[in-house]
Amino acid sequence: SYIVSKEDLKKLLNVCRQVLKHKEEASQLLPTESGLFFGGTEYDEYYFKEVEKTKRIIEKVLNEHDFENYYLVYSSSW
């Protein structure tokens, strides 16, 4: 688990927007990762749907989370 700042989310949001705007640059901007838990490594319809989903989630968090009074913590498990 680690704390995610508003600036971190803005950076990731910008990358997601760039990937969706310039799909041919996805492998440089937001590369896939191979491995048992990561899913496919193709830059296909599924990949771009997940980037769009991530973009929407970040936009919602940026609009609704009170960064002044609360931490935002991200936790992942493999």
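The values are calculated or read from the model by the stated rules, or taken from the named source; none is laboratory data. The shown structure was predicted, so the numbers you read here are calculated from the model rather than taken from an experiment. When we count neighbours, we look across all protein chains shown, and the Cβ atoms used for this are built from the backbone with ideal geometry, even at glycine. When the accessible area is computed, the model is the full protein with side chains, heavy atoms only, and any ligands, DNA or RNA have been set aside. Shrake-Rupley method; radii C 1.70, N 1.55, O 1.52, S 1.80 Å.
Here's the yes/no breakdown for (1) over 24 Å from Ser1 (Cα atoms); (2) open to solvent by less than 90 Å² (accessible area, probe 1.4 Å); (3) of a type in the set (Lys, Arg):
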site	(1), (2), (3)
Leu20	yes, yes, no
Ala26	yes, yes, no
Leu30	no, yes, no
Glu33	no, no, no
Glu52	no, yes, no
Phe67	no, yes, no
**Pair list, Cβ under 6 Å, 6 or more apart: segment 22-45 residue under 21 Å from Ser76 (Cβ atoms), other residue open to solvent by 60 Å² or more (accessible area, probe 1.4 Å) and in a helix (DSSP H, G or I)** = Leu29/Gln18
**Prompt:** Pick from Ile3, Ile58: which is over 13 Å from the mean Cα position of the chain (by Cα) and either open to solvent by less than 50 Å² (accessible area, probe 1.4 Å) or at pLDDT 95 or above (or both)?
**Reply:** Ile3
